[in-house]
1. So, of the residues in region 43-63 that are near the ligand (Cβ under 8 Å from one of its atoms) and open to solvent by 30 Å² or more (accessible area, probe 1.4 Å), which turns out to be nearest to residue 155 (Cα to Cα)?
2. Has region 170-182 got at least one residue that is of a type in the set (Phe, Trp, Tyr), over 18 Å from residue 195 (Cβ atoms) and not in a strand (DSSP E or B)?
3. Give the residue that is farthest from the ligand (Cβ to nearest atom), with candidates limited to residues of region 64-111 that are surrounded by 14 or more Cβ atoms within 10 Å (Cβ to Cβ) and of a type in the set (Gly, Ala, Ser).
4. Quick one: would you say residue 114 is open to solvent by 80 Å² or more (accessible area, probe 1.4 Å) and either away from the ligand (no atom under 15 Å from the Cβ) or over 17 Å from the mean Cα position of the chain (by Cα) (or both)?
5. Open to solvent by 40 Å² or more (accessible area, probe 1.4 Å), of a type in the set (Lys, Arg), out of contact with any Gly (no Cβ under 6 Å at 6 or more places or on another chain) and in a helix (DSSP H, G or I): is that true of residue 40 in this structure?
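The values are calculated or read from the model by the stated rules, or taken from the named source; none is laboratory data. These numbers come from a predicted model, not from an experiment. Don't worry about glycine lacking a Cβ; one is built from the backbone with ideal geometry, like all the others, and counts go over all protein chains shown. The accessibility values were calculated without ligands, DNA or RNA, using every heavy atom of the protein model including side chains. Shrake-Rupley method; radii C 1.70, N 1.55, O 1.52, S 1.80 Å.
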Amino acid sequence: MFEGALADLIDELGRLPGIGPKSAQRIAFHVLAADPVDVRRLAQTFIEVKERVVFCRVCGNVSEADECRICRDPRRDTTIICVVEESKDVIAIERTREFRGRYHVLGGAISPIEGVGPEDLRIRELMTRLADGTVTEVILATDPNLEGEATATYLARLMGPMDVAVSRLASGLPVGGDLEYADEVTLGRAFEGRRRIEF
Ligand SMILES: [Zn+2]
């Protein structure tokens with residue numbers, strides 16, 4: 001229907017998650033009508049996020065420095081680690097203001113169907129962090145779905161022989177859902193009511 005640069009833009013936008021052909025067209029025409037200065041600024045943010053954002057050396061969270069803002073913060077409790085799948089989950093938990101420890105971002109969940117095994121996640125890095133005995137509690141805050149549960153069970157077994165208290169977020173979270181979509185109150189309560197896992 002369209003050709004050249006406009007067609008290319010619609011094509012590229014349509015590849016983005018959650019954007020169907022209609023939305024892609026609507027955004028493309030919005031860009032076409034927009035002030036060139038605004039468009040240039042938008043394009044620049046895409047480039048900068050790829051150039052500047054890296055992953056924290058310690059926890060794997062997104063960061064613009066070698067270590068992320070949370071790992072650098074001396075007020076955060078170093079004895080407790082909350083394990084999540086993605087950086088998006090860190091943001092969701094930070095919003096609840098229930099947690100003052102540090103995080104560990106796995107970079108996904110175990111999923112045999114999608115070919116993701118424990119070795120594809122930042123599990124070895126987590127074990128390294130636990131090795132010196134500073135950490136006394138680990139909260140498993142993986143998603144309340146099949147993959148998240150499998151990952152939590154795997155980690156709990158792995159940490160079973162270690163001298164660390166392992167807990168899982170309490171129920172109340174929508175089963176089969178995504179942690180990042182849970183509202184602050186539900187997620188906050190799930191934190192308070194976390195239960196100890198023994199192996
Ligand atoms: Zn970090």
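1. Just the residues of region 43-63 that are near the ligand (Cβ under 8 Å from one of its atoms), to begin with: 56-61, 63.
Now drop any that are not open to solvent by 30 Å² or more (accessible area, probe 1.4 Å), which leaves 57-58.
On the way: 57: 20, 58: 18 Å.
Applying the filter and picking the extreme gives 58.
2. Yes: one or more hits.
3. Top of the filtered list is 111.
4. Yes; evaluated as a whole, the condition is true for this residue.
5. yes
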